[in-house]
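Undergrad: Structure in structure tokens, see below.
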There are 2 protein chains.
Amino acid sequence: MKSSPETNADRAFLDEARVLQALELAHLGLGMTSPNPPVGAVIYKGDKFLGGGYHHRAGEPHAERMALVNALERGHGADLNGATIYVTLEPCSSYGKTPPCTRGIIDAGIRRVVYGLVDPDERHRGRADALLKTEGIEVQGGVAEKACRAFLRPWLHTVRTGCPWVIAKMGATLDGRIVRWGNQHRVSGREALEYVHRLRLQSDAILVGGRTVRTDNPQLTIRFGVEIPEGKKQPWRVVLTQSMKNLPPDARIFTDEHSARTLVYERVDDFQGVLHELHEKYGVVTLLLECGGHLLREWLDRDLVQEWVQIVSPYIGGGSELLLSGNDLKIERQLFDAQIQKFGNDFVIRGLLNKEL
Amino acid sequence: MKSSPETNADRAFLDEARVLQALELAHLGLGMTSPNPPVGAVIYKGDKFLGGGYHHRAGEPHAERMALVNALERGHGADLNGATIYVTLEPCSSYGKTPPCTRGIIDAGIRRVVYGLVDPDERHRGRADALLKTEGIEVQGGVAEKACRAFLRPWLHTVRTGCPWVIAKMGATLDGRIVRWGNQHRVSGREALEYVHRLRLQSDAILVGGRTVRTDNPQLTIRFGVEIPEGKKQPWRVVLTQSMKNLPPDARIFTDEHSARTLVYERVDDFQGVLHELHEKYGVVTLLLECGGHLLREWLDRDLVQEWVQIVSPYIGGGSELLLSGNDLKIERQLFDAQIQKFGNDFVIRGLLNKEL
């Protein structure tokens, strides 16, 4: 029986909607899975939802396995035979810490696999398609790929460069003055602060300079009413300084209950090396820069920032420290895909520093 | 016959909707009517729209007269008897350059008058109500008053203080650097520039410092594809400087076709005096500050700015000049009712510098 064009259009629409549903699930793993990517999957038979899942953390089952288990738990095991699985990323086909997802899909009797992004890892790319097709399984990749790619930008960046995705985050008044957290002034309102702590939740590490440690004595932890999912550790707290000796030993990051999560690098001339090590040794995929205007300038000058998150608070004035230091600044960088959102009385401007990302 | 509660609610709803319709018309006069307020009016009989109008400019008929004339032009003269007029501001009751609107309303046989804002001018306030009621006309004031008041803020400010409403407008990069128009860089995109020129259209005067004249040689005219309504003059171009001798005589503002619209004040210590004169002598209701960061600071320090319009362009860096100069800035001012709009790639943040306004 030939399917009509309308049916094909309907199927394409459903495919996209369901990959996007899987992407919603993937968001639940954001910040939890490093160095793995956050991935989501859902399983349908016809119009019937059988199950869904997402990758919780490295070493645990991938999204496809989680969705299959969820279908069994929901009592839909018998329906899996002949069902379709929708995944945000091409399923893996090799043994890592867990058996390959293609194996699980084949064993479950899945008849069709629809996925978003083609795996950028050459060890996996296209192999899933071949493997699954050999088993008579229909495969369609590249569905809702743009959304899946945008979501996976940080991880894709690590695959490409071996370095974490760097998000520069700063808060300033309308005229670009930093109001330091250490002051009694808290220029950002509650909603914007919550946003920052959710950003920390999605990050693997937070980096500041020695100056920030000395001036603000920050905690650099996820707090502020943001619920930390089970198994999520506090982000690494990374200090970049000329010398360890410049840091007060009684600073909070050295003395609080998370002190084991603090790393100090006396390598102010080797940002790239620090980035590599953070990724290789600590599995950092997303690094949040929360430094002051001097160090931020250095990161921008070295072109090591991928994303920009600026909290603009509706105040004028606010001290002598600028969001970005230096008097010789030309227009150096443009923000692409800049979006703005209002949180309470504050605005958050977020965008990318490179067009192609 | 007693009207049911539903009918009263319906009537209140219609009253508000029609005052808001009149307010839409009032917007057409924005920037045209100084020193008078921009006012709009519509006339209905039952559900039938008879006519609408707005005050075009000082010396010409008020909105109520324009609406009555419009009703006649539309052939609804016979319907005016027993009709209702909706106005954004309490009708005037004294002879000025034109006969009082109350007279026109009475003569036309209008049976009911609904208006927004109570006239802040003590010569008029409440007198219309009394006059109209004497003639057996039903009067209801304060309908959609909040919207009418917000729209008339600049004019209300002049009534209260004798000084123009001052809007500080500046364009800067994300980090608060001014990119001067004189440079080849135009940091704001087309849509944001159009917004600025529409803002000029709604202003009676634009003020800069001598420094801006020397550095940028600006035209300070309404251009950029913004259509200038008939009868609208280019805004006054006001320069505040230590000495006239510091200004280049061949600057555009002195040599172009609008040179008669250029005013120079050698009174850098008497901002308030300049404001008073601009209002008294030149009828300025809205003054747009387009100065650099040094002079802007002075205006803020003297608490002479009422509204803030900041164009944030999605660039990082952009020269040494700050949006707001000075190293000793504490958090001095808050922006109230801050709103943000995207124009092309730029953001416009607009708000009020005093809560009560």
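The values are calculated or read from the model by the stated rules, or taken from the named source; none is laboratory data. Bear in mind that the values here come from a model prediction, so they are computed numbers and not experimental data. Neighbour counts are summed over all protein chains in view; Cβ atoms, including those assigned to glycine, are modelled from backbone coordinates with ideal geometry. Heads up: the accessible areas ignore ligands, DNA and RNA and are worked out on the full protein's heavy atoms, side chains in. Shrake-Rupley method; radii C 1.70, N 1.55, O 1.52, S 1.80 Å.
Undergrad: Excluding B:P91 itself, calculate the net charge of residues whose Cβ lies under 9 Å from the Cβ of B:P91, where each Lys or Arg counts +1 and each Asp or Glu counts -1.
TA: Counting the neighbours of B:P91, the net charge comes to -3.
Undergrad: Keeping every protein chain present and rolling a 1.4 Å probe, give me the accessible area per residue for segment B:1-130 in Å².
TA: 47 Å²
Undergrad: Could I ask something else about it? Mind checking segment B:59-157 for trypsin sites (Lys or Arg not before Pro) that DSSP puts in a loop (not H, G, I, E or B) and that have at most 14 other Cβ atoms within 10 Å?
TA: Those satisfying the criteria are B:R74, B:K97, B:R123, B:R125.
Undergrad: Quick check: from the Cα gyration tensor, does segment A:2-80 come out rounded (a/c under 1.5), prolate or oblate?
TA: The shape class here is oblate.
Undergrad: Can you give the average number of partner chain beta-carbon atoms within 10 Å of each beta-carbon in peptide A:320-326, as a whole number? If you can, show how the numbers build up before the last one.
TA: Working: counts 5, 1, 5, 6, 8, 1, 3.
The shielding value for this peptide is 4.
Undergrad: OK, next. Net charge near A:S34: determine it from the other residues with C-beta under 10 Å of the C-beta of A:S34, scoring Lys and Arg +1 and Asp and Glu -1.
TA: 0
Undergrad: Based on the Kirkwood radius over alpha-carbon pairs, what is the Stokes-Einstein translational diffusion coefficient of segment A:226-287 at 37 °C with 0.692 mPa s viscosity, in µm²/s?
TA: My calculation gives 253 µm²/s for D.
Undergrad: Mind ranking A:R252, A:R160 by accessible surface for me, highest first, 1.4 Å probe?
TA: Ranked list, largest accessible area first: A:R160, A:R252.
Undergrad: Would you mind checking which residues have amide H under 5 Å from B:G171's amide H? H placed 1.01 Å from N; only 5 or more apart, or other chain.
TA: Correct list: B:I311.
Undergrad: Can you tell me the convex hull volume per residue for chain A, based on C-alpha atoms, in Å³ to the nearest whole number?
TA: 157 Å³
Undergrad: Right, something else. Keeping every protein chain present and rolling a 1.4 Å probe, give me the accessible area per residue for segment B:177-280 in Å².
TA: Counting only protein heavy atoms, the per-residue value for segment B:177-280 is 49 Å².
Undergrad: Next up: Only loop residues by DSSP count here, and only those with at most 13 other Cβ atoms within 10 Å; note down the GluC sites (Glu not before Pro) in segment A:234-309 that meet that.
TA: Working: sites: A:E257, A:E266, A:E277, A:E280, A:E290, A:E298, A:E307; in loops: A:E257, A:E266, A:E290.
Here the sparse-neighbourhood loop sites are A:E257.
Undergrad: Within 10 Å of each candidate Cβ there may be at most 16 other Cβ atoms; applying that plus a DSSP loop requirement, which trypsin sites (Lys or Arg not before Pro) in segment A:274-350 survive?
TA: A:R302, A:K330
Undergrad: Compute the Cα gyration tensor for segment A:77-216, then decide on rounded, prolate or oblate, letting a ≥ b ≥ c be the square roots of its eigenvalues: rounded whenever a/c is under 1.5, prolate when a/b is larger than b/c in the other cases, and oblate in all that remain.
TA: Prolate, because a/c is 1.5 or more and a/b exceeds b/c.
Undergrad: If you don't mind, there's one more thing I want to ask. So what is the relative contact order of chain A, in percent, for Cα pairs below 8 Å that sit 6 or more residues apart?
TA: Averaging sequence separation for qualifying contacts and normalising by length gives 15 percent for chain A.
Undergrad: Grab the DSSP H runs of chain B that are 4 residues or longer, score each as -39,500 (n - 2.57), total them, divide by all residues and round the 222 nm result to the nearest 500 deg cm²/dmol.
TA: Calculated from helices alone, the mean residue ellipticity at 222 nm is -9000 deg cm²/dmol.
Undergrad: Take peptide B:166-178, look around each residue's Cβ out to 10 angstrom, count Cβ atoms belonging to other protein chains, and average those counts. If you can, show how the numbers build up before the last one.
TA: On the way: counts 0, 0, 1, 0, 2, 0, 3, 9, 14, 16, 10, 8, 0.
That works out to 5 on average.
Undergrad: Skipping prolines and chain starts, which residues have an amide H placed within reach, meaning under 5 Å, of the one on A:Y115, given they are 5 or more residues away or on another chain?
TA: Those qualifying (amide H under 5 Å, at least 5 residues apart or on another chain) are A:V87, A:Q140, A:G141, A:G142, A:V143.
Undergrad: Additional query: What value in Å³ per residue do you get for the convex hull of the alpha-carbon atoms in segment B:251-352?
TA: Expressed per residue, the convex hull around the Cα atoms of segment B:251-352 is 166 Å³.
Undergrad: Stick to Cα atoms and the Kirkwood definition of Rh, then tell me Rg/Rh for segment A:179-264.
TA: 0.96
Undergrad: Using the Kirkwood radius built from alpha carbon pairs, what does the Stokes-Einstein equation give as D for the protein assembly as shown at 4 °C and 1.567 mPa s, in µm² per second?
TA: For these conditions, the coefficient is 43 µm²/s.
Undergrad: Going by amide H atoms built from the backbone, whose H comes under 5 Å of the H on A:V264, apart from near neighbours?
TA: Here A:V239 satisfy the definition.
Undergrad: Once you wrap a convex hull around the alpha carbon atoms of segment A:71-144, what is its projected area averaged over all directions, in nm²?
TA: Here the figure is 5.0 nm², rounded to one decimal.
Undergrad: Between B:P229 and the same site in the other copies, what are the distances in nm, shortest first, taking label points 7 Å from Cα along the C-beta direction?
TA: For B:P229, the other copies' label points sit at 5.6 nm, shortest first.
Undergrad: Is the C-alpha gyration tensor of segment A:189-233 telling us rounded, prolate or oblate? Criteria: a/c under 1.5 is rounded; beyond that, a/b larger than b/c is prolate, otherwise oblate.
TA: Oblate, since a/c reaches 1.5 and b/c is not below a/b.
Undergrad: Which whole number gives the average count of other chain Cβ atoms within 10 Å of the Cβ atoms across peptide A:307-315? Mind dumping the intermediate values first?
TA: Working: counts 0, 3, 0, 4, 0, 8, 4, 10, 6.
The shielding value for this peptide is 4.
Undergrad: Carbon-plus-sulfur fraction of the accessible area of chain B, 1.4 Å probe, in percent? Mind showing how you got there, number by number?
TA: On the way: 7550 of 15770 Å².
It is 48 percent, rounded to a whole number.
Undergrad: Separate question: Net charge near A:Y195, counting Lys/Arg +1 and Asp/Glu -1 over other residues with Cβ under 11 Å of its Cβ? Walk me through the numbers on the way to the answer.
TA: Details: positive: A:K169, A:R190, A:R198, A:R200, A:K342, A:R350; negative: A:E191, A:E194, A:D346.
Here the charged neighbours net out to +3.
Undergrad: What's the long-distance tail for segment B:1-137, i.e. % of Cα pairs beyond 21 Å? Please report the intermediate quantities before stating the final value.
TA: Numbers: 3450 of 9316 pairs.
That fraction is 37 percent.
Undergrad: A further question on this structure: Please work out the C-alpha center-to-center distance from segment A:80-146 to segment A:255-303 and express it in whole Å.
TA: The two parts, judged by their Cα centres, are 36 Å apart.
Undergrad: Another question, if that's okay. Enumerate the calculated ³J(HN,Hα) couplings along segment B:17-22 in order (Karplus 6.51 cos²θ - 1.76 cosθ + 1.60, θ = phi - 60°), each rounded to whole Hz, writing x wherever the residue is Gly or Pro.
TA: Values per residue, Gly and Pro as x: 4, 7, 5, 5, 5, 4 Hz.
Undergrad: Now for a separate question. Can you give the accessible area buried between chains A and B, summed over both chains, with a 1.4 Å probe, in Å² to the nearest 100?
TA: Numbers: alone 17300 and 17320 Å², together 31520 Å².
Protein heavy atoms only, the A-B interface buries about 3100 Å².
Undergrad: While we're looking at this one, here's another question. Below 8 Å between Cα atoms, with a sequence gap of 6+, how large is the relative contact order for segment B:97-189 in percent?
TA: For segment B:97-189, the relative contact order is 21 percent.
Undergrad: Something else: Given the pairs B:K169/B:K342; A:K97/A:K232; B:K146/B:K169; B:K45/B:K146; B:K146/B:K233; B:K97/B:K169, which are separated by over 23 angstrom at their Cα positions?
TA: B:K146/B:K169; B:K45/B:K146; B:K146/B:K233; B:K97/B:K169
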